[in-house]
Amino acid sequence: MKNEQIKGRLIKAMVDFFEHDYRRINHAIEVLKYAEQTAENTPEADEEIVIGSAILHDVGIKPSEAELGYNNGKTQEQYGPAIAIALLEENDFPAEKIEKVAQIIGNHHSSSRYDYVELEILKIADRIVNKLDAAQQG
């Protein structure tokens, strides 16, 4: 499957998942944009893994808020991987890459437990977008 098809399917799945939570939808798309830009200069990065982890990195927020009434980095990492796996499988993401995307999503707010260039790319992109969001609000 071409990366544009993967991207389109996963964006649609993420939008369907978050429904009317436009802030989270926009955040994921912005993170994807910066992750792809960073990955362009990182030839060893797997583009499909960058795309999957960027689009789905915050899916743990919704079940965390539903079950606990709040979310934080730890709860996002706790709830996110299982949802990401389901969404990736439903959208024909390469099976051999699903576990790595889940590991990245389950580690994107903590000290890196994995030496994955794609994890570092996601962390950089997420920080950029969070700083931009904070600057616009402040």
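What follows draws every value from the coordinates through simple rules; no lab data is involved. No experiment lies behind these values; they were computed from the predicted model shown. Here Cβ is always computed from backbone atoms with ideal geometry, including for glycine, and neighbour counts include all displayed protein chains.
Looking only at P94, P43, P81, which one moves most when the chain is put into a Gaussian network model with springs between Cα atoms under 10 Å?
Checking each option, the largest mean-square fluctuation is seen for P43.
At a Förster distance of 30 Å, what's the computed FRET efficiency of Y22 paired with E44, Cβ-Cβ distance as r, to 0.05? Present the calculation step by step, with values, prior to reporting the outcome.
On the way: r = 34 Å, r/R0 = 1.14.
Calculated value: 0.30.
Within the chain, what is the longest stretch that has no GluC sites (Glu not before Pro) placed in a DSSP loop and near at most 14 other beta-carbon atoms within 10 Å?
The longest uninterrupted stretch comes out as 45-138.
Based on Cβ point charges of +1 for Lys and Arg and -1 for Asp and Glu, what charge dipole magnitude is obtained for region 3-133 about its Cα centre, in debye rounded to the nearest 20?
Values: 14 positive and 25 negative charges, 88 e Å.
The calculated dipole for region 3-133 is roughly 420 debye.
S111 to K12: extension gain in nm, 0.36 nm per residue of separation minus the Cα-Cα distance?
Taking 0.36 nm per residue and subtracting the Cα distance, the gain is 32.6 nm.
Using a Gaussian network for the chain with springs between C-alpha atoms less than 10 Å apart, which of these wobbles most: V101, V15, V31?
V15
Roughly speaking, what is the stretch gain from N3 to D92, that is 0.36 nm per residue apart minus the C-alpha to C-alpha distance, in nm to one decimal?
My answer for the length gained is 30.9 nm.
Between A45 and residues 5 or more places away or on another chain, which pairs have amide H atoms under 5 Å apart, with H built 1.01 Å from N, and which residues are they?
It is none; the list stays empty.
May I ask you to list the trypsin sites (Lys or Arg not before Pro) in region 1-109 that are in a DSSP loop and have at most 14 other Cβ atoms within 10 Å of their Cβ?
Qualifying residues, ordered by number: K2.
Can you pick out the pairs among K12/K131; K2/K33; K33/K97; K2/K100; K74/K123; K100/K131 whose Cα atoms lie more than 22 Å from each other?
K12/K131; K100/K131
Mind listing P(r) for the chain? All alpha-carbon pairs, 5 Å bins, whole percents.
2, 11, 21, 26, 23, 12, 4, 1, 0
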